[in-house]
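To start, the structure itself, in structure tokens.
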Amino acid sequence: MKSKFNTSLNDAQATEVVPVGPKKFDLERYVSFVAEMENRCHSFTRADSGILVYRKVRVAEVFTYGCREMEQSLAWQLGALQKSMDYLADVPNFLEPWYGIGTAAAAFDLDYHWGEGQAPAVKTKFSNVEEALQAEPVPIENTAIGKHTLEMIEYFLEKTKGKLPMSVCDSQSPLNVATMVVNLDNFLMDLYLHPEKVMELLDRIANLIIDFYRKQEVMIGDCLVRPGHGFGSSRHFSGNGFSDDMIHMLSPDLYASFIMPSLVKAGRAFGGTAFHSCGNWAKFIDTVVQIPGLVAIDGAFSGETDPIPNEGGPFSGAFSNTGIVVNARIVGDRETVKESLESLWNPGMKLIVATYLEEPAEQEALYHHIHETSTEK
């Protein structure tokens with residue numbers, strides 16, 4: 001691809017946003033803005049194929065130091081919602097009580113480390129899977145980060161009068177969580193030597209995830225949108241999004257045999273699995289498409305989105321006429337998106353194109369081009 005990843009940027013998918021406090025945010029205008037979009041999302045769910053456009057307004061600060069303070073996070077996110085109303089799109093932006101990776105891993109008494117101006121990191125605690133199995137994890141809601149996440153949800157709901165779309169916090173897959181809990185080298189070795197123990201640990205993590213995310217969903221109530229973090233989301237969509245980036249460390253056969261069952265269990269509790277991985281994960285397509293209850297997948301489809309992006313062709317072929325939604329993130333100008341779309345779109349697909357154009361006029365022109373594409377082929 002012609003477009004290249006810009007390593008000088010803090011966040012290649014971010015949009016510059018001015019924070020907006022709850023008292024200054026035009027709540028009723030956004031509620032009306034969302035209602036119109038939700039009608040299109042509802043029609044999309046009922047159709048066999050189609051395209052929606054999602055102009056994601058992602059705030060770099062919320063993905064770094066801004067996720068630590070709930071007041072600061074909400075102001076940044078409200079600024080994003082306000083800015084999103086400048087752009088023509090079909091899928092609304094939403095609030096997210098995001099607090100970085102490691103939420104589920106905290107159940108194993110892992111400490112958060114906060115670098116200056118950085119997102120949180122966690123330090124692996126156990127040298128092997130057996131050690132992790134001997135530990136007694138606590139419910140995520142009883143950890144410091146779990147309590148804080150639930151408090152963020154309460155705060156967000158209170159300040160927005162429970163009227164704005166909101167997802168649960170960032171969901172990492174059982175596999176991703178396990179590699180935060182256990183030394184990665186030894187985890188991979190145990191996958192060969194003691195696969196039954198690995199599966200036991202992953203199942204335990206899935207149960208922790210299910211309990212905590214159910215708690216969040218009950219609190220969020222009618223505001224809840226799915227699949228959440230990283231996906232174009234709606235009250236009419238289904239499933240829960242899981243980041244499963246560590247799939248790149250495995251073979252497709254190992255993943256299908258020993259890792260997939262825990263992911264399926266976690267996804268089934270929320271109406272299905274929405275799968276995300278960074279990078280080019282095309283070699284796993286035949287495996288991922290077989291995940292029972294798979295409702296959506298996410299990938300990067302331009303060089304400005306990810307240093308190793310996906311090509312559209314393999315995804316177009318695999319996911320056409322399946323009913324599985326393809327969430328395609330495409331950072332770049334109009335020509336970059338058009339080029340990616342040319343290889344990605346195929347009649348029979350259910351495609352959400354996430355765009356990041358800065359100028360509203362450019363976004364409008366691209367919006368019309370994307371929808372015209374769906375009627376031309």
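What follows is calculated from the coordinates using simple rules that are stated; it is not laboratory data. What you see is a predicted model, and the numbers here were worked out from it, not measured in a lab. Note that each Cβ is placed from the backbone with ideal geometry, even for glycine, and that neighbours are counted across all protein chains shown.
So the values come out like this:
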| read-out | value |
| --- | --- |
| Segment 243-269, residues that are of a type outside the set (A, V, I, L, M, F, W, C) and either assigned to a helix (DSSP H, G or I) or over 17 Å from the mean Cα position of the chain (by Cα) (or both) | 245, 248, 251, 252, 253, 255, 257, 261, 262, 265, 267, 268 |
| Check on residue 275, under 20 Å from the mean Cα position of the chain (by Cα), in a strand (DSSP E or B) and in contact (Cβ under 8 Å) with a residue 12 or more places away in the chain | yes |
| Residue within segment 342-362 that is assigned to a strand (DSSP E or B), among the small types (Gly, Ala, Ser) and within 21 Å of residue 42 (Cβ to Cβ) present | yes |
| Single residue of segment 170-201 satisfying the filter (of a type in the set (Ser, Thr, Tyr) and crowded, with 22+ Cβ neighbours inside 10 Å) that is farthest from the chain's Cα centre (by Cα) | 173 |
| Residue among 138, 91, 62 that is in contact with a Phe, Trp or Tyr (Cβ under 8 Å, 6 or more places away or on another chain), hydrophobic (A, V, I, L, M, F, W, C) and not in a helix (DSSP H, G or I) | 91 |
| Qualifying positions in segment 137-156 - in contact with a Cys (Cβ under 7 Å, 6 or more places away or on another chain) and farther than 18 Å from residue 209 by Cβ | none |
| Residue satisfying all of: in segment 334-362; in contact with a helix residue (DSSP H, G or I) (Cβ under 9 Å, 6 or more places away or on another chain) and of a type in the set (S, T, N, Q); surrounded by the fewest Cβ atoms within 10 Å (Cβ to Cβ) among these | 343 |
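Here is a yes/no grid of residues against (1) of a type in the set (Lys, Arg); (2) not in a loop (DSSP other than H, G, I, E, B):
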residue	(1), (2)
175	no, yes
180	no, yes
186	no, yes
189	no, yes
207	no, yes
215	yes, yes
218	no, yes
237	no, no
241	no, yes
